[in-house]
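Colleague: This is the structure, below, for whatever I ask next.
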Amino acid sequence: MAQIEVVLDSIRVSMMNYQRVVILKVKNADAYLPIWVGTTEADAIAIKLHGIRPPRPLTHDFTCAVIDALGGNVHSVVINALKKDTFYSKVVLSSAKGQLEN
């Protein structure tokens, strides 16, 4: 299956039901992928985008710190399935030993 690279375009609020929607834009194209997320997830993304430092590390901050401490980094995130209106993905990590998908 071909992979299509996307970038974060925006985080919006649906006027129909006030749910948060992450809008991904296909890189180098005028196509978009909306993904509905929870309020907590949308807020965590917005906090990171705006460079706000919360009073304590959030779960994803802790996870990134562990990956970094082990000498790795997040190479990419691949959305690989859509089942019953839920997106599933895998995280690709890079380190001196190569890549690991989980």
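The values are calculated or read from the model by the stated rules, or taken from the named source; none is laboratory data. These figures come from a predicted structure and were not determined experimentally. Quick reminder, even Gly has a Cβ in these numbers, built from the backbone with ideal geometry, and neighbours come from all protein chains shown.
Colleague: Which of the residues spanning the stretch 27-61 are surrounded by 11 or more Cβ atoms within 10 Å (Cβ to Cβ), of a type outside the set (A, V, I, L, M) and under 18 Å from Val91 (Cα atoms)?
Modeller: Once the filter is applied, which keeps residues that are surrounded by 11 or more Cβ atoms within 10 Å (Cβ to Cβ), of a type outside the set (A, V, I, L, M) and under 18 Å from Val91 (Cα atoms), the stretch 27-61 yields Glu41, His60, Asp61.
Colleague: State all residues of the stretch 85-99 that are assigned to a strand (DSSP E or B) and closer than 25 Å to Ile35 by Cα; if no residue qualifies, say none. I'd like the intermediate steps shown before the answer.
Modeller: Applying the first criterion (assigned to a strand (DSSP E or B)) to the stretch 85-99 yields 86-95, 98-99.
Selection gives Thr86, Phe87, Tyr88, Ser89, Lys90, Val91, Val92, Leu93.
Colleague: Can you name the residue in the stretch 1-24 that is within 13 Å of the chain's Cα centre (by Cα) and of a type outside the set (A, V, I, L, M, F, W, C) and, of all such residues, is surrounded by the fewest Cβ atoms within 10 Å (Cβ to Cβ)?
Modeller: Residues of the stretch 1-24 that are within 13 Å of the chain's Cα centre (by Cα), as a first pass: 5-11, 21-24.
Retained after the next criterion (residues that are of a type outside the set (A, V, I, L, M, F, W, C)): 5, 9-10.
Details: Glu5: 10, Asp9: 14, Ser10: 12.
Here the residue is Glu5.
Colleague: Would you point out which residue out of Ile23, Ile52, Ile67, Ile11 is assigned to a helix (DSSP H, G or I) and modelled with pLDDT of 90 or more?
Modeller: Numbers: Ile23 fails: assigned to a helix (DSSP H, G or I); Ile52 fails: assigned to a helix (DSSP H, G or I); Ile11 fails: assigned to a helix (DSSP H, G or I).
When all the criteria are applied, what remains is Ile67.
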